[in-house]
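Note sheet for the following structure.
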Amino acid sequence: MNAPLMTDLHLQAPEPLLPEATKPTAYPVHRLPPLLRDAALAIAEHVQAPLALASQCVLGAVTHLAQTRVNAPHLHDPNGMPCSLNMLTLALSADRKDSCHALAGKPITEKEKEARDHYRRACAEIMAEADHFKGKAREAFLAENPLSADPRTQYGGDATWEPIVGDFVRGKAAASWDTTEGGQLLGGASLKADTRTAAIGGMCLAFDTGYFERTRARGNAEGSGAAYHRRLSIHLLAQPVAVAEALADPLLRGQGFLPRFLFASPQSIAGSRLLTVERLGVKSYDDPRLQCYWARCKEIIASPEYIDPETSEVTPPVLALDGEATQVWMAFYNDTEIQQGPLGLFAELRPFAGRAGEIARRVAAVLACFEGIELIDAECMSSACDLVRYSLDEWLRYTDTVVANPLLYQAAALMDWLRELKRADDWRTFHRNRLGKSGPAVVRSAKVRDKLLAVLVKHRHLLSADGKHFQVNPLAESAESAESLQPHGAALAEAVRKSAETVSNAPTAQLNGAKDPQLSANRPHAERPVVRSLPQHPQHPQPSASTARRDREPWGMEL
């Protein structure tokens with residue numbers, strides 16, 4: 001049976017689904033340390049992605065490295081607190097989340113692959129040897145030659161909370177739940193099941209103190225127990241349509257789970273990512289900015305982790321604040337506190353603003369670890385406060401636009417998905433069953449799918465004569481307004497390009513690091529003229545940074 005001819009319907013312009021949105025906050029990339037700033041600019045340039053997306057990926061990667069090497073300063077606990085961070089970045093499916101994530105985490109992924117390959121080989125050798133024995137002799141051999149623990153430290157989107165807790169209880173020290181499919185966590189089994197209140201509480205406790213606990217029935221006691229002083233960071237990249245319901249969930253907001261996240265929701269630059277022959281010839285892996293960043297990451301990876309081999313507890317030194325940093329932090333704390341008053345900017349965002357001071361200390365510890373300094377100074381703390389303030393501004397903008405009616409936001413996000421350039425022609429007309437099978441994950445549920453389709457028909461973004469076959473209204477303009485979005489995207493892309501050119505136009509002697517990453521790190525950085533050493537492991541002291549780099553410029557490093 002042919003679909004009804006919806007072109008015969010009387011066409012009317014669609015009604016706006018959402019109020020006019022506030023423009024996204026400009027990401028304060030200049031507040032990142034020089035190597036991180038340059039890496040974020042390089043990734044945004046090469047991938048042609050929103051700058052906030054690239055920056056969040058870089059910050060997430062270095063947090064993974066820092067969380068086993070430093071503790072953030074706590075107001076009341078002399079042992080400090082984890083510097084682990086939770087981060088969430090929203091981006092459409094074509095905004096190149098995977099590419100940004102891959103470039104930012106390249107050294108970590110390579111090291112993990114190497115470790116897991118070695119682990120598999122070692123396990124295979126032991127099991128092959130065990131096959132020479134039978135019965136009790138085999139059991140005795142395996143008892144004398146136990147398999148080592150899986151060195152995995154990164155969980156993807158298919159992970160769930162319970163197995164992760166089990167891994168920590170069995171002895172894992174630190175990890176990151178790091179995925180470009182964040183909707184699988186926020187909209188998945190962990191936060192949809194009957195036990196979601198307990199899961200949320202467990203994730204909040206793990207973030208605050210590094211404590212994990214799991215109690216199972218006597219008949220299934222394996223994996224039960226408690227783990228202290230562990231580290232888990234959560235870094236999510238997600239499509240807006242997949243997480244809109246979760247981000248408006250009163251439980252996730254009120255119980256403090258979402259307020260623990262650094263948040264970014266940048267505007268897409270789709271429509272401005274044009275290619276030229278010259279651009280095709282430029283390779284990201286040859287970019288000295290990325291080589292410097294990767295080299296520094298490898299330097300940190302090679303430094304000691306503060307993990308007790310007997311208990312797997314993570315007990316790194318605390319990075320304290322100097323006097324000026326304390327003043328900077330206190331001013332930031334007091335400002336966000338005042339803004340939580342009845343008439344303040346964050347009056348409706350109190351759970352988020354109330355966490356800002358703590359998160360700023362964590363971010364400062366991560367930045368200081370990356371820079372290799374032993375004391376958090378005013379510049380480092382000021383940068384951290386600006387990054388957290390950016391997150392608050394983004395939460396405020398998102399809340400004002402979305403939380404009042406997440407269904408309308410999901411519907412708007414679904415229209416964005418239908419209109420994306422790579423699929424727009426194929427989805428001008430469609431059957432609802434096709435959307436349920438091939439659309440975004442959120443519409444795989446027939447109930448949700450039909451609700452969103454009804455909203456879009458009501459607001460005349462979609463046309464339908466029978467409730468089964470749909471057509472995009474020809475009068476509907478792309479993503480609120482193609483004319484309003486594309487100039488913004490082009491302007492953002494141009495800003496990234498110009499920032500990159502500032503670095504690219506440096507003297508040749510400073511950029512010959514495409515062949516020698518050590519030399520490429522020698523660009524002058526007025527922001528931090530002296531680099532001190534990372535805190536030393538008491539049992540495995542390392543040469544101080546000042547000694548190792550005596551004859552080099554700041555940020556000189558070896559691969």
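For this structure, a couple of remarks:
- Test: residue in region 147-160 that is assigned to a helix (DSSP H, G or I), farther than 21 Å from ILE307 by Cβ and open to solvent by less than 80 Å² (accessible area, probe 1.4 Å): no
- Selection of region 257-299 for residues being assigned to a helix (DSSP H, G or I), crowded, with 20+ Cβ neighbours inside 10 Å and of a type in the set (A, V, I, L, M, F, W, C) yields LEU258, LEU290, CYS292, TRP294, ALA295, CYS297.
- Each residue in region 300-321 was checked for being open to solvent by 60 Å² or more (accessible area, probe 1.4 Å) and of a type outside the set (A, V, I, L, M), and 6 pass.
- Number of positions in region 186-206 that are surrounded by 17 or more Cβ atoms within 10 Å (Cβ to Cβ) and at pLDDT 85 or above: 5
- Single residue of ALA149, ALA174, ALA122, ALA159 found to be out of contact with any helix residue (DSSP H, G or I) (no Cβ under 9 Å at 6 or more places or on another chain) and either among the aliphatic types (A, V, I, L, M) or free of Cβ contacts under 8 Å to residues at least 12 places away in the same chain (or both): ALA122
- Residue check, ILE300 in contact (Cβ under 8 Å) with a residue 24 or more places away in the chain and under 20 Å from TYR155 (Cβ atoms): no
- The lone exception for ALA325 - which of (1) more than 30 Å from LEU103 (Cβ to Cβ); (2) surrounded by fewer than 22 Cβ atoms within 10 Å (Cβ to Cβ) it fails: (2)
- Members of region 79-102 found to be open to solvent by 10 Å² or more (accessible area, probe 1.4 Å) and either charged (D, E, K, R) or under 30 Å from GLN410 (Cβ atoms) (or both), listed by number: LEU92, SER93, ALA94, ARG96, LYS97, ASP98, SER99, HIS101, ALA102
- Residue within region 111-120 that is part of a loop (DSSP other than H, G, I, E, B), buried (at least 16 other Cβ atoms within 10 Å of the Cβ) and under 20 Å from the mean Cα position of the chain (by Cα) present: no
- Contacts under 7 angstrom Cβ, first residue in region 16-35 being more than 17 Å from ARG389 (Cβ to Cβ), partner surrounded by fewer than 21 Cβ atoms within 10 Å (Cβ to Cβ) and modelled with pLDDT of 95 or more, 6 or more apart: none
- Count of residues meeting criterion [among the hydrophobic types (A, V, I, L, M, F, W, C) and within 21 Å of ASP194 (Cβ to Cβ)] in region 158-174: 4
- Only one entry in LEU396, LEU345 is over 25 Å from the mean Cα position of the chain (by Cα) and either open to solvent by 10 Å² or more (accessible area, probe 1.4 Å) or closer than 22 Å to LYS468 by Cβ (or both), namely LEU345.
- Restricting attention to region 418-466, the residues that are among the charged types (D, E, K, R) and assigned to a loop (DSSP other than H, G, I, E, B) add up to 6.
- The residues in region 17-40 that are more than 30 Å from ALA454 (Cα to Cα) and either touching a strand residue (DSSP E or B) at 6+ places or on another chain (Cβ under 9 Å) or assigned to a helix (DSSP H, G or I) (or both) can be counted, and the count is 12.
- Leading residue by the ranking (modelled with the highest pLDDT) among those in region 41-67 that are assigned to a loop (DSSP other than H, G, I, E, B) and buried (at least 24 other Cβ atoms within 10 Å of the Cβ): GLN67
- Out of ALA384, ALA360, ALA356, ALA365, sole residue that is in contact with a Phe, Trp or Tyr (Cβ under 7 Å, 6 or more places away or on another chain), crowded, with 17+ Cβ neighbours inside 10 Å and under 22 Å from MET87 (Cα atoms): ALA360
The values are calculated or read from the model by the stated rules, or taken from the named source; none is laboratory data. Please read all numbers here as calculations on a predicted model, not as lab measurements. Note: ideal-geometry Cβ built from the backbone for every residue, glycine included; neighbour counts use all protein chains shown. When the accessible area is computed, the model is the full protein with side chains, heavy atoms only, and any ligands, DNA or RNA have been set aside. Shrake-Rupley method; radii C 1.70, N 1.55, O 1.52, S 1.80 Å.
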